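To start, the structure itself, in structure tokens.
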């Protein structure tokens, strides 16, 4: 029997893949891999944020355009009165990496990367709490 994955589950799973890629690449850069640059790490962090936000919107059954714009996705979340604990304004700075980071040089440093890893981790927790929230009566997840 085929198990169908809901759209929000797919976005959530793909976000996890991007986050793991960013973590692995970050570790490689810290170990001295000079063939890697921070732009590719930031690109994967941007992709993680984008897919997490789309997972949330999908779960809430809110239509969204096929975009990479984190600010627009966050605006949709705000317009629908969904509260996130994550510092949303700083997340929007990752938007530069959706396209430009792949084709140009954007200068950031390891301190920025650490902050973004923290923000993405917080966003992931926020969204997990909404999507996979446990029912108080049964203890089961939604």
Notebook entry, point to check: Out of all the residues in segment 46-54, is one or more surrounded by fewer than 20 Cβ atoms within 10 Å (Cβ to Cβ) and either in contact with a helix residue (DSSP H, G or I) (Cβ under 9 Å, 6 or more places away or on another chain) or at pLDDT below 95 (or both)?
Noted result: no
Next item on the list: Inspect all residues belonging to segment 19-37 and state whether any of them is within 17 Å of residue 131 (Cβ to Cβ) and either in a helix (DSSP H, G or I) or in contact (Cβ under 8 Å) with a residue 12 or more places away in the chain (or both).
Entry: yes
Notebook entry, point to check: Just checking, how many residues over segment 57-75 are under 21 Å from residue 133 (Cα atoms) and either crowded, with 18+ Cβ neighbours inside 10 Å or in contact (Cβ under 8 Å) with a residue 12 or more places away in the chain (or both)?
Noted result: 6
Check: So how many residues does segment 97-130 have that are at pLDDT below 75, more than 12 Å from the chain's Cα centre (by Cα) and buried (at least 17 other Cβ atoms within 10 Å of the Cβ)?
Finding: 3
Margin query: For residue 46, only one of the following conditions fails: (1) within 12 Å of the chain's Cα centre (by Cα); (2) part of a helix (DSSP H, G or I); (3) more than 18 Å from residue 112 (Cβ to Cβ). What is its number?
Written below: (3)
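The values are calculated or read from the model by the stated rules, or taken from the named source; none is laboratory data. Being a predicted model, the structure only gives us computed values, none of them experimental. Note that each Cβ is placed from the backbone with ideal geometry, even for glycine, and that neighbours are counted across all protein chains shown.
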